[in-house]
1. Helix-only mean residue ellipticity at 222 nm, chain C, DSSP H runs n ≥ 4 weighted -39,500 (n - 2.57), per residue, nearest 500. What is it?
2. Around C:I82, under 13 Å between beta carbons, what's the net of Lys plus Arg minus Asp minus Glu among the other residues?
3. Taking the solvent-accessible surface of protein heavy atoms with a 1.4 Å probe, what is the per residue accessible area of the range C:116-178 in Å²?
4. If you place +1 on the Cβ of every Lys and Arg, -1 on the Cβ of every Asp and Glu, and leave all else neutral, what size is the dipole of the protein assembly as shown about its Cα centre, to the nearest 20 Debye?
5. Write down the accessible area per residue of the range C:15-81 in Å², having rolled a 1.4 Å probe over the full set of protein chains.
6. Check D:T39: other-chain or 5+ apart residues with amide H under 5 Å from its amide H, H built from backbone geometry?
7. Rounded, prolate or oblate: which one fits the protein assembly as shown, using the alpha carbon gyration tensor with axes a ≥ b ≥ c (rounded when a/c is under 1.5, else prolate when a/b beats b/c, else oblate)?
8. Counting other Cβ atoms within 10 Å, keep those with at most 15, restrict to DSSP loop, and tell me which chymotrypsin sites (Phe, Trp or Tyr not before Pro) in the range B:63-167 are left.
There are 4 protein chains.
Amino acid sequence: MKKVLLTGFDPFGTDVINPASEAIKQLNGLIIENVKLITVEVPTVFHQSREVVIEAIEFFQPDVVICVGQAGGRTQITPERIAINLDDARIADNEGQQPIDEPIIENGPAAYWSTLPVKRMVHQIRKMGIPASVSHTAGTFVCNHLFYGVMHYLSEHAPHIRGGFIHIPFIPEQTLDKSAPSMSLNLIIMALKRAAITAAHEQEDMHEVGGTIH
Amino acid sequence: MKKVLLTGFDPFGTDVINPASEAIKQLNGLIIENVKLITVEVPTVFHQSREVVIEAIEFFQPDVVICVGQAGGRTQITPERIAINLDDARIADNEGQQPIDEPIIENGPAAYWSTLPVKRMVHQIRKMGIPASVSHTAGTFVCNHLFYGVMHYLSEHAPHIRGGFIHIPFIPEQTLDKSAPSMSLNLIIMALKRAAITAAHEQEDMHEVGGTIH
Amino acid sequence: MKKVLLTGFDPFGTDVINPASEAIKQLNGLIIENVKLITVEVPTVFHQSREVVIEAIEFFQPDVVICVGQAGGRTQITPERIAINLDDARIADNEGQQPIDEPIIENGPAAYWSTLPVKRMVHQIRKMGIPASVSHTAGTFVCNHLFYGVMHYLSEHAPHIRGGFIHIPFIPEQTLDKSAPSMSLNLIIMALKRAAITAAHEQEDMHEVGGTIH
Amino acid sequence: MKKVLLTGFDPFGTDVINPASEAIKQLNGLIIENVKLITVEVPTVFHQSREVVIEAIEFFQPDVVICVGQAGGRTQITPERIAINLDDARIADNEGQQPIDEPIIENGPAAYWSTLPVKRMVHQIRKMGIPASVSHTAGTFVCNHLFYGVMHYLSEHAPHIRGGFIHIPFIPEQTLDKSAPSMSLNLIIMALKRAAITAAHEQEDMHEVGGTIH
């Protein structure tokens with residue numbers, strides 16, 4: 001049995017819910033296709049988010065870690081390919097911190113690649129009729145912060161554990177007052193479940209068209 | 001018992017499915033909250049679409065007619081407020097017709113208002129957590145053609161029957177290869193069901209903010 | 001010599017400039033290709049806007065009236081095809097008025113067509129390398145209010161004068177803090193000048209593809 | 001006198017012009033504020049693009065290199081912050097090459113930071129009334145390929161030369177047939193000129209809010 005740790009942020013900014021934590025909540029403890037899903041909610045706070053996830057990794061010793069965050073305005077499920085060593089907050093986090101142009105890890109490498117099979121995950125999610133594509137930027141806020149922090153930890157202390165990040169769209173009830181795109185929570189849950197199973201069983205990525213022009 | 005006739009187009013352009021006909025199919029024959037739903041699929045063809053719906057109106061004698069069409073690229077359920085007397089086709093219809101700058105009804109009025117309570121429908125759909133807003137243009141293709149044609153027929157021959165049009169977004173499986181927004185079919189079905197019940201039972205619209213700046 | 005009256009709104013909502021009044025200001029008094037351009041600034045206020053423009057029409061007796069307004073978020077110059085008999089304000093006007101679901105003219109027709117050659121104007125503007133297309137909704141705020149009001153006045157009292165409305169995008173300096181599209185003021189000015197000349201000399205519209213699917 | 005080398009791509013994909021080469025062409029040889037601008041056109045071809053620019057760097061020995069590319073669909077001037085070691089082509093380049101998931105430099109670092117003061121450049125461009133913001137992804141096509149390749153070369157062979165990449169929007173004549181946003185060529189030229197002067201004279205970046213949430 002493989003173990004996959006899924007993490008999701010609590011709400012931030014002006015949003016009162018975060019589809020990331022809503023989605024993973026419903027997957028906690030699920031055993032499916034020989035994969036056990038474990039979930040943990042993460043504060044949308046620089047540093048603290050990393051500590052919470054690293055502690056969970058040390059406690060649960062999963063085979064795979066997938067952090068999940070909201071990317072309001074996107075239309076698809078987007079596994080992130082790369083985390084960059086930069087905190088540059090456009091808004092304050094949930095503790096009022098707003099770092100500008102600071103490295104996440106002093107003297108850390110400029111970037112870490114996801115060690116998940118991002119194109120295979122996209123392929124499997126799309127086979128279920130759910131729009132998905134690989135993203136090449138996780139931004140410079142807490143999502144990227146956590147993604148980089150986790151990849152740095154795994155690289156230094158647990159290279160046998162694979163890790164990555166998936167951004168998800170708004171859910172419909174968040175967009176009643178704005179014309180932003182959304183995706184139903186149940187599709188997001190199905191996509192995350194499929195991503196977790198795919199990542200647990202497949203280390204090699206697919207060779208498939210999927211880049212971005214710019 | 002009230003009767004609501006729901007109509008939905010077959011696929012057009014480069015799309016192989018049309019969420020409008022997919023959605024109404026699943027509502028056919030449903031009896032709910034003292035409303036009976038009757039549905040009919042409509043060809044995406046100028047003139048013929050009108051004839052099919054007018055025939056269905058004459059046969060079923062509904063209390064309310066709601067025509068449904070796809071508006072690819074929109075993020076919300078959008079009841080249309082006004083139909084205009086203009087065919088101006090950017091692409092050919094399913095019979096290869098492409099009228100340019102022709103009136104739908106020679107000497108007809110420039111426009112007809114929906115006689116459905118569009119803001120109340122939006123209000124009820126949003127109460128279910130589904131994004132919706134009133135639209136002020138149904139375009140100049142077959143959707144508007146059918147909307148205008150039906151409103152003209154009702155105005156001339158059956159003013160006791162109320163009618164209107166609702167545009168719906170792409171469904172997720174239509175957007176696998178493009179970054180367009182989408183909405184799950186089951187949300188669309190729930191929204192159309194609620195719109196039909198609302199329209200059947202309420203003639204008066206609500207007085208609520210909902211216009212568009214431009 | 002033909003006379004064209006161009007009108008432009010003052011700033012509204014949270015904007016501190018309005019490209020409509022900025023643009024027309026620079027065209028005032030211009031004589032070009034046997035057309036004289038006259039301009040008037042209009043308050044973004046229900047009713048008062050109509051009164052100001054009707055007074056200017058009566059005073060100047062132009063051959064053509066073109067009202068100009070900002071449509072923030074659009075990417076192109078968009079001559080409007082149709083004005084609808086509806087005030088439905090999402091925000092208050094510059095006098096604090098916010099009419100909801102009121103007719104502009106009690107018992108007026110549902111809509112008036114622009115009497116300008118909208119496709120020819122689009123064609124001529126695009127020939128200059130400036131993006132343009134016909135729009136089928138001027139919204140339900142003061143822009144549509146003025147457009148409808150002017151068309152109603154012309155229809156009733158001066159059917160020999162042709163009239164219409166053109167929406168223009170933000171200009172670049174309005175979008176420094178948002179990722180909205182914009183168009184340079186000088187392109188807007190060139191486009192409006194060309195539109196005015198085209199409308200002055202040509203009554204017949206072109207038969208060219210240009211409709212909208214929805 | 002400082003020397004800035006500006007490079008611009010030739011047209012690619014279905015476009016017949018590339019605003020990048022159009023813009024830099026008009027800056028060639030310009031001496032302004034004690035900065036000399038030198039320009040070179042670059043083929044939109046993997047590998048060859050790098051070779052052309054590296055050769056120009058070796059020949060001209062500039063103080064600063066700024067590569068410029070088109071990002072169709074963006075609304076602003078966007079200095080790129082980071083180049084990643086990945087070729088993943090969604091379309092073929094101008095020689096028919098379409099690398100998928102290949103490193104640009106075997107065993108190169110995951111990413112290089114721009115060594116230009118990207119926020120200061122944005123600040124100075126916005127002071128001219130031209131929309132600009134920092135971007136955190138240059139995509140995975142030839143733009144990012146060249147950006148990474150140049151930064152790798154500078155890092156290895158000429159660390160005293162600073163370098164980076166700026167993405168620019170479509171220009172209006174490219175968008176006549178699509179509703180994409182655009183920016184006038186003269187604004188792009190002004191922005192690039194200001195960016196070059198800023199980069200030539202200022203090594204330190206500003207500490208200003210400018211990150212992206214995701």
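The values are calculated or read from the model by the stated rules, or taken from the named source; none is laboratory data. All figures in this text were calculated on a predicted structure; none of them were measured in a lab. When we count neighbours, we look across all protein chains shown, and the Cβ atoms used for this are built from the backbone with ideal geometry, even at glycine. With ligands, DNA and RNA removed, areas are computed over all heavy atoms of the protein, side chains included. Shrake-Rupley method; radii C 1.70, N 1.55, O 1.52, S 1.80 Å.
1. Values: 5 runs with 63 residues, N = 214.
Estimated from H runs of four or more residues: -9500 deg cm²/dmol.
2. -1
3. Details: 1680 Å² over 63 residues.
Solvent-accessible surface per residue comes out at 27 Å².
4. In debye, rounded to 20, the protein assembly as shown gives about 0.
5. Heavy-atom accessible area per residue stands at 38 Å².
6. D:L6, D:G29
7. On the way: a/c = 2.10, a/b = 1.26, b/c = 1.66.
Oblate.
8. Passing sites in the range B:63-167 do not exist.
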